[in-house]
Amino acid sequence: MEKKEQARFYITTPIYYVNDTPHIGHAYTTVAADVQARFHRMLGERVFFLTGTDEHGQKVKQAAEQRGLSPQEHADQMVENFQRLWRELLVSNDAFIRTTDPEHQAVVQELLQRLWQRGLIQRRTYKGWYCTPDERFWTEKDLREGACPECGRAVQYIEEDNYFFLMSRFQGPLLEHLRRHPEYIKPSSRLNEVLGFLSRPLGDLCISRPLKRLSWGIPLPFDPQYVTYVWFDALVNYYSALRYLAKDLSFWPADCHVIGKDILTTHAVYWSTMLMALELPLPRLIFAHGWWTVEGRKMSKSLGNVVEPQAVCARYGVDAFRYFLLREIPFGLDGDFSESALVGRINNDLANDLGNLLSRTLGMLRKYCQAVVPERVNSKDREGLEKKVQAFFYTSAGDLPLLENMKLHLKEFKFNEALEHIWAVINGVNKFIDSAQPWRERDEARRGNVLYTALEALRLLALYLAPFMPRKAQEIWDQLGYHKDISRSLFSQEGRWGLLAPGTKAEKGPPLFPRQELPAKAP
Ligand code: ME8
C-alpha cells in the first residue's frame, strides 16, 4: 500500500521588536500559536513553528542609543528576554529567527535584487510626511488632524530620493485573491477592514531609507547608499527561515501567520503583494487577534500598568496563565486583563472543576484500592458505566467526538470554544461520580469499575488539555501513574479508551491548582 504523505503545518508569530521587553500582548500571540503547533503535532503532522525578533530600524536604533549601546549589542541583550520568556511559557517553537542573522539578510537582498531586475522597484523623489515611531510614510491626505493616522503622533515633512516597490500594480490581483479566498483573512471583520483599505487606490511602497538618516538596516544590493525599510526586511523572515532554519522550502506557503490587529495592513497588503511580485504562493491564512487592555485601560509604560508575563506566572503558574489567555476572550476580539478575572478562572475552572476531579478520584483510589488502578470487572454494568462516560466525549454539537470538535474550533482559532467543550466533559465526569457515589457502594467490583472509568476519563482529558496546559496535563498523567511524554503523544494512539493498565500505582500528588486569594489592593 502506498504510504500517505505526512501532513505539514507551518505557523508563525510576528517577530517582535527588540526595543522593548515582552509583555502580555506578545505572550498572547505566541501562546496561541504554540497551542496550534502542539495540537497539530499531536495530530501527527510535521510542524514548523517559528517565532523571533525584528532587530533593524529606527526604533531599535533609538532604544540602543538611549542605553549607550550599539544596536547589535542592544539586540543581543534584548533577544534573551524573549527567548527566556518563551522557555518559561513552555513555547515549543522549532526555530527562532533574528533579522540580524547573516543568512536572513542574504535572502532579503536576494529578493530585493529579483524585484529590481524585474523592474518592480523604481527610484523616485519622495515628498511627504514621515512617522518615525511607526516608520511609515504618509501623504497629506492620509494625515489625521496633521498627525499620524495610525498612532496619532507628530509627523515630519521630508523630501528625499528613495526606492519604491510598485505595490500599486498588485491591487487588482490582491482584490481578486480576496474575492476567491475570503477565508484568507480572519476574523471576517478584519477582511472587511482590508477591503475598505483597498477600496482606495493603493500607492507604491517606499522600501528604502537613505543611510544618512538611518544606518541600522540591510543595505540595498543595488545601491549601498540605502538600507532596506524595516517592514520589508521583517516580513521576509517568514520565508527566509525556511531556507536556512527549517532548510525545507516545502513548508511554504505558511498555513497561518498569527498577528495582532495592529499589523494587519502590513501583512494583508504589503506582504501579500510582495509575494505576488516574487511569484510565490500566498499563505493560507492571516489571523489577526484582538487587543488586551488592563483593568479597563490601555496598557502603557507611562500608566505603569504593563502586565509582565513572568510576574503573573511566578504567582499563578504558567498553565493557569496560558489557560486564562485563551479561555477568557474569543480570540478575534479585544479583551481586558484583570487579576480578579484570572483568580476567578483559577478557582472555578481549574481548582474546582478540573483539580477537584483529579484529587477526589485519586483520593478514593487511595482509600478503597490502595492507590492501585482496579481491574475492570466484566459485567453488563461495567459497559453501561463506561458508555455513559464515553458519551461525554461525544458532545451535543453535531454528535462529534471531542477531538473532531476541537479540530473544527481550532481551525477557526476558537480556543475558548474548544476549552468549553473540554469543560463540558470535565463537568460530566464530575456529575457521573456524584451520581455513582462510589463512597456508598458496597459492591467492590462495581466501585472499581466506577473508579476505573473516572481515571480513564482523566487520562483522556489530560491528552486533550495538553496543547493548552502542557505541564499540568503531564502532571495528571504522572499522578495517574501513566508515565509517558504527553506532548509527544498522538491523539490517534492515546485517544483510545482503556489504555490505563489495571495494577498501575496512581498516587495522589499535591493539588493541581491551589485555590488563590485575590491580592490586596495597594492603597
Ligand atoms: O509590530 N494586545 O512588533 P511588536 C494583544 N516587529 N497583542 C499585543 C498587544 C496587546 N496590547 N501589544 C502587542 C511588530 N501585541 C513588528 C512585527 S512581523 C513581520 C513584524 C502583540 O514588538 C501583537 O501580536 O510591536 C502584535 O501584532 C505584536 O505584539 C506587535 O509586536
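The values are calculated or read from the model by the stated rules, or taken from the named source; none is laboratory data. Small disclaimer: the values here were computed from a predicted structure and weren't measured. All Cβ positions, glycine included, derive from the backbone under ideal geometry; neighbour counts span all protein chains shown.
Residues in the range 67-82 that are surrounded by fewer than 18 Cβ atoms within 10 Å (Cβ to Cβ) and free of Cβ contacts under 8 Å to residues at least 60 places away in the same chain: how many? Explain how you work it out, then say what you get.
Step one: filter the range 67-82 for residues surrounded by fewer than 18 Cβ atoms within 10 Å (Cβ to Cβ), giving 67-70, 72-73, 76-77, 80-81.
Right, trim to free of Cβ contacts under 8 Å to residues at least 60 places away in the same chain and you get 67-70, 72-73, 76-77, 80.
Final tally of qualifying residues: 9.
So Lys3 clears everything in (1) surrounded by fewer than 17 Cβ atoms within 10 Å (Cβ to Cβ); (2) modelled with pLDDT of 95 or more except one condition, right? Which one?
(2)
If I ask for residues that are free of Cβ contacts under 8 Å to residues at least 40 places away in the same chain and under 29 Å from the mean Cα position of the chain (by Cα), which ones from the range 182-228 would you list? Lay out the reasoning, then the answer.
Filtering the range 182-228 for residues free of Cβ contacts under 8 Å to residues at least 40 places away in the same chain gives 182, 188, 191-192, 195-196, 199-201, 211-212, 224-225.
Listed by number, the residues that qualify are Pro182, Ser188, Leu191, Asn192, Leu195, Gly196.
Could you please find all residues in the range 12-41 being more than 10 Å from the ligand (Cβ to nearest atom) and either acidic (Asp, Glu) or on the phi > 0 side of the Ramachandran plot (or both)?
Asp34 - this is the single residue of the range 12-41 that is more than 10 Å from the ligand (Cβ to nearest atom) and either acidic (Asp, Glu) or on the phi > 0 side of the Ramachandran plot (or both).
Restricting attention to the range 84-95, does a residue exist that is in contact with a Gly (Cβ under 9 Å, 6 or more places away or on another chain), closer than 24 Å to Met274 by Cβ and at pLDDT 95 or above?
Here is the first cut: in the range 84-95, the ones in contact with a Gly (Cβ under 9 Å, 6 or more places away or on another chain) are 93, 95.
Now narrow it down to the ones that are closer than 24 Å to Met274 by Cβ: 93, 95.
Subset that is at pLDDT 95 or above: 93, 95.
Checking the range 84-95: at least one residue is in contact with a Gly (Cβ under 9 Å, 6 or more places away or on another chain), closer than 24 Å to Met274 by Cβ and at pLDDT 95 or above.
Just the residues that are of a type in the set (A, V, I, L, M, F, W, C), buried (at least 19 other Cβ atoms within 10 Å of the Cβ) and closer than 22 Å to Ala473 by Cα, please, taken from the range 375-402.
Pass one, the range 375-402, residues of a type in the set (A, V, I, L, M, F, W, C): 377, 385, 389, 391-393, 397, 400, 402.
Those left that are additionally buried (at least 19 other Cβ atoms within 10 Å of the Cβ): 385, 389, 392-393, 402.
Within the range 375-402, Val389, Phe392, Phe393, Leu402 meet the criteria.
Select from the range 229-281 the residues that are away from the ligand (no atom under 15 Å from the Cβ) and under 22 Å from Leu166 (Cβ atoms) and write down the one among them that is nearest to the chain's Cα centre (by Cα).
Among them, the one singled out is Pro281.
Tell me whether the range 310-327 contains one or more residues that are among the small types (Gly, Ala, Ser), over 21 Å from Ala32 (Cβ atoms) and at pLDDT below 95.
First, pick out the residues of the range 310-327 that are among the small types (Gly, Ala, Ser): 311, 314, 317, 320.
Still in the running and over 21 Å from Ala32 (Cβ atoms): 314.
Imposing the further condition that a residue be at pLDDT below 95 reduces the set to none.
Checked the range 310-327: no residue is among the small types (Gly, Ala, Ser), over 21 Å from Ala32 (Cβ atoms) and at pLDDT below 95.
For the range 418-439, which positions are under 15 Å from Leu400 (Cβ atoms) and surrounded by 18 or more Cβ atoms within 10 Å (Cβ to Cβ)?
Within the range 418-439, Ala418, His421, Ile422, Val425 meet the criteria.
Within the bounds of the range 306-319, is there any residue that is surrounded by 15 or more Cβ atoms within 10 Å (Cβ to Cβ), of a type in the set (Gly, Ala, Ser) and closer than 30 Å to Leu205 by Cα? Before the answer, list the steps.
So in the range 306-319, the residues surrounded by 15 or more Cβ atoms within 10 Å (Cβ to Cβ) come out as 306-307, 309-310, 312-313, 316-319.
With the extra rule that they be of a type in the set (Gly, Ala, Ser), the set shrinks to 317.
Keeping just the survivors that are closer than 30 Å to Leu205 by Cα gives none.
No, the range 306-319 contains no residue that is surrounded by 15 or more Cβ atoms within 10 Å (Cβ to Cβ), of a type in the set (Gly, Ala, Ser) and closer than 30 Å to Leu205 by Cα.
Can you tell me which residues in the range 507-523 are modelled with pLDDT of 95 or more and in contact with a helix residue (DSSP H, G or I) (Cβ under 6 Å, 6 or more places away or on another chain)?
Lys508, Gly509, Pro511, Leu512, Phe513, Arg515, Gln516
Check every one of the helices (runs of 4 or more DSSP H) wholly within the range 232-348 and list those with 2 or more residues that are among the polar types (S, T, N, Q). Write out each step before concluding.
Working: elements: 237-244, 272-277, 309-316, 318-328, 339-345.
Of the helices (runs of 4 or more DSSP H) lying wholly inside the range 232-348, those with at least 2 residues that are among the polar types (S, T, N, Q) span 237-244, 272-277.
Which residue is farthest from Asp255 (Cα to Cα), if the candidates are limited to the range 282-311 and must be within 18 Å of the chain's Cα centre (by Cα) and hydrophobic (A, V, I, L, M, F, W, C)?
Step by step, filter the range 282-311, then rank; the result is Val307.
Kindly establish whether Glu45 is away from the ligand (no atom under 12 Å from the Cβ) and either of a type in the set (D, E, K, R) or touching a residue at least 60 places away in the same chain (Cβ under 8 Å) (or both).
Working: away from the ligand (no atom under 12 Å from the Cβ): yes; either of a type in the set (D, E, K, R) or touching a residue at least 60 places away in the same chain (Cβ under 8 Å) (or both): yes.
Against the criterion (away from the ligand (no atom under 12 Å from the Cβ) and either of a type in the set (D, E, K, R) or touching a residue at least 60 places away in the same chain (Cβ under 8 Å) (or both)), Glu45 qualifies.
Go over the candidates Thr30, Thr13 one by one and state the one that is in contact with a helix residue (DSSP H, G or I) (Cβ under 9 Å, 6 or more places away or on another chain), outside any helix (DSSP H, G or I) and surrounded by 19 or more Cβ atoms within 10 Å (Cβ to Cβ).
Values: Thr30 fails: outside any helix (DSSP H, G or I).
After ruling out the rest, the residue left standing is Thr13.
Tell me, which helices (runs of 4 or more DSSP H) wholly within the range 96-197 include 2 or more residues that are of a type outside the set (Gly, Ala, Ser) and under 20 Å from Pro14 (Cβ atoms)? Step through it out loud before you land on a result.
Numbers: elements: 102-117, 171-180, 188-197.
Counting at least 2 such residues, we get 102-117, 188-197.
Sort through Leu451, Leu463 and tell me the only one that's out of contact with any strand residue (DSSP E or B) (no Cβ under 8 Å at 6 or more places or on another chain) and within 22 Å of Leu43 (Cβ to Cβ). Write out each step before concluding.
Numbers: Leu451 fails: within 22 Å of Leu43 (Cβ to Cβ).
Selected residue: Leu463, the only one of Leu451, Leu463 that is out of contact with any strand residue (DSSP E or B) (no Cβ under 8 Å at 6 or more places or on another chain) and within 22 Å of Leu43 (Cβ to Cβ).
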